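The values are calculated or read from the model by the stated rules, or taken from the named source; none is laboratory data. Note that the coordinates shown come from a computational prediction; the quantities given were computed from them, not determined experimentally. Glycine also receives a Cβ, built like all others from the backbone with ideal geometry; neighbour counts cover every protein chain displayed.
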């Protein structure tokens, strides 16, 4: 937002905003490099003494990895890293798309009740899962909680869409209010369930509610990763449409954007990415708000670059948060949701204050 | 041509427009006038397909209900009454957003030319939200101009639909914006504008559709519609229509002023 004072004329003026998009696109590369660095660091940090460097050296010498090294790297750190990357990208992109859709930098899947619905699904599974017929329980097994969370997020999105959409037109105001109502309802039902829970279930609930990547496994990833990849890739095509939507729905339509179809696609992307992320990692908050906001400050609001940058920075941020959560109280670990909340809540408040200064909500 | 036939718009329980016929020809500036609540903006929004309506609206001979958004966008640009922007885009970026469809290359150049056209070339990299209301309105006009690109293309004339394009502007920029619309029409494009200011309308428009309570009270060339009798009836107050000295365009004075003059 640099206002050029150079009076040289049109060319200088032209280059400033143009280079803003160019700068945002150059940021793809830097964020990708950051992501690689963070990913390597994450593979080498952990409770056991397995160092990535040692492993690389023994591999170079043609030695076999020890069983311990293989298990730690392939079955613990790698799935956790991949999950962190996928969940971080999913949450950040969901946030960026929601904000574009609602034309409000504070919008987030958490706000429209998608996360709350997914959370309710998970809590239902934790508390009432034991009541299921043993055959069904055996069939669902470890997938029960993630499946239920995914289902809850999906149902709440459909419900929300039904409430807020009439004759093919989605009212953003109604959708926001309906999201608040759904969130409250899900919270109330969750509260009842928590009241009913026994001690061990309570610990599960707390852990899940605060969010964690500790449960990462290849089986969970197999369920979540395809959904996240498809929805994040789909969202990256929404850039121009979301830019147009910043001028309002009517103007976006005048410009030639098929607004209703595009909104449906955006909602699907958000529901898919958020549902899958919450299902495998619980309620990790603030990534979807903080990441797009920082990127808008750094390189402008153009969604053509913002969505991809959000995916990259979101992934990197969550992996860093995960490393912090593993190291800070080692050998125990902090739920990652606490880390993102500590990092994110002040930023959220800061955005709120800034926005109140500029736009009166 | 813009041809609307038997247009009826119902908002909630109110019938805002009833059985309205409307015509506008390329090469002309057609003004939609009338008192507050007479249905001016509703008519414009029906013509641009923003409101559900009964009846038909044709643009260049095609029913707009059958045209996809992108096809309409290549034929006509729409300037809304007020535009809020959600994120801190610059003025130039706002104009470029209008180019979302169609021309891929040369976006910046076209956008800059459009900004220069509305006298805002030097504000290109300013954040849109930091501009005054009138400046924002001119940026939006630049966006619309850049979108339609030229008054006439191979497949027919282009159209500007303007909803009170000068409402937030000082008198110099009112004249400038009306002149831009006039030039667009003179070059063969069509302009349909909702107008509040009768004198500006008299100066720049070719035809007027005068609305009253959701009906067309009068429609035709400016000189035919702008009579003391018709205008007084439409607005429900006493007005006096005179003739300006040089070009002979009508001018309108409220009654109190005519008393003072006499």
Practice prompt. Please work out if residue B:83 is crowded, with 19+ Cβ neighbours inside 10 Å and either at pLDDT below 95 or more than 18 Å from residue B:207 (Cβ to Cβ) (or both).
Written response: no
Discussion item. Suppose we filter A:270, A:280, A:287, A:339 for residues that are free of Cβ contacts under 8 Å to residues at least 60 places away in the same chain, away from every other protein chain (no Cβ under 14 Å) and touching a helix residue (DSSP H, G or I) at 6+ places or on another chain (Cβ under 9 Å); which single one remains?
Written reply: A:339
Practice prompt. Return only the number of the condition from (1) more than 22 Å from residue A:156 (Cβ to Cβ); (2) surrounded by fewer than 24 Cβ atoms within 10 Å (Cβ to Cβ); (3) within 14 Å of chain B (Cβ to nearest Cβ) that residue A:262 does not satisfy.
Written response: (1)
Item to complete: Would you please name the residue that is modelled with the highest pLDDT, looking only at residues in region A:30-55 that are over 21 Å from the mean Cα position of the chain (by Cα) and loosely packed, with under 12 Cβ neighbours inside 10 Å?
Response: A:53
Fill in: Residue count for region B:15-61, restricted to those that are surrounded by 16 or more Cβ atoms within 10 Å (Cβ to Cβ) and on the phi > 0 side of the Ramachandran plot
6
Worksheet item: Which of (1) assigned to a strand (DSSP E or B); (2) under 21 Å from residue B:231 (Cα atoms); (3) within 14 Å of chain A (Cβ to nearest Cβ) does residue B:31 not meet, given it meets every other one?
Response: (3)
Practice prompt. Would you check which residues across region A:132-153 are surrounded by fewer than 21 Cβ atoms within 10 Å (Cβ to Cβ) and either within 19 Å of the chain's Cα centre (by Cα) or modelled with pLDDT of 80 or more (or both) and list them?
Written response: A:147, A:151
Discussion item. Could you list, ordered by first residue, the pairs with Cβ atoms under 6 Å in which the first is in region B:62-81 and within 8 Å of chain A (Cβ to nearest Cβ) and on the phi < 0 side of the Ramachandran plot and the second is buried (at least 16 other Cβ atoms within 10 Å of the Cβ) and part of a helix (DSSP H, G or I), at least 6 apart or interchain?
Written reply: B:69/A:253; B:73/A:255; B:77/B:144; B:77/B:147; B:77/B:148; B:78/A:254
Worksheet item: Would it be correct to say that residue B:92 is assigned to a helix (DSSP H, G or I) and more than 8 Å from every other protein chain (Cβ to nearest Cβ)?
Response: no
Discussion item. Please go through region B:181-202 and give me each residue that is surrounded by fewer than 19 Cβ atoms within 10 Å (Cβ to Cβ) and under 23 Å from residue B:158 (Cα atoms), ordered by number.
Written reply: B:182, B:183, B:186, B:187, B:188
Worksheet item: Would you pick out the residues in region A:220-259 that are more than 20 Å from the chain's Cα centre (by Cα) and more than 9 Å from every other protein chain (Cβ to nearest Cβ)?
Response: A:249
Discussion item. Give me the helices (runs of 4 or more DSSP H) completely within region B:98-197, filtered to those with at least 1 residues that are more than 21 Å from residue A:240 (Cα to Cα), without any contact (Cβ under 8 Å) to a residue 12 or more places away in the chain and more than 14 Å from every other protein chain (Cβ to nearest Cβ), ordered by residue number.
Written reply: B:171-186
Worksheet item: Looking only at region A:33-64, which residues are within 16 Å of residue A:82 (Cβ to Cβ), in contact (Cβ under 8 Å) with a residue 60 or more places away in the chain and part of a helix (DSSP H, G or I)?
Response: A:35, A:38, A:39, A:41, A:42
Response to the item:
Residue set B:220, B:242; condition on the phi > 0 side of the Ramachandran plot and assigned to a strand (DSSP E or B); output residue B:220
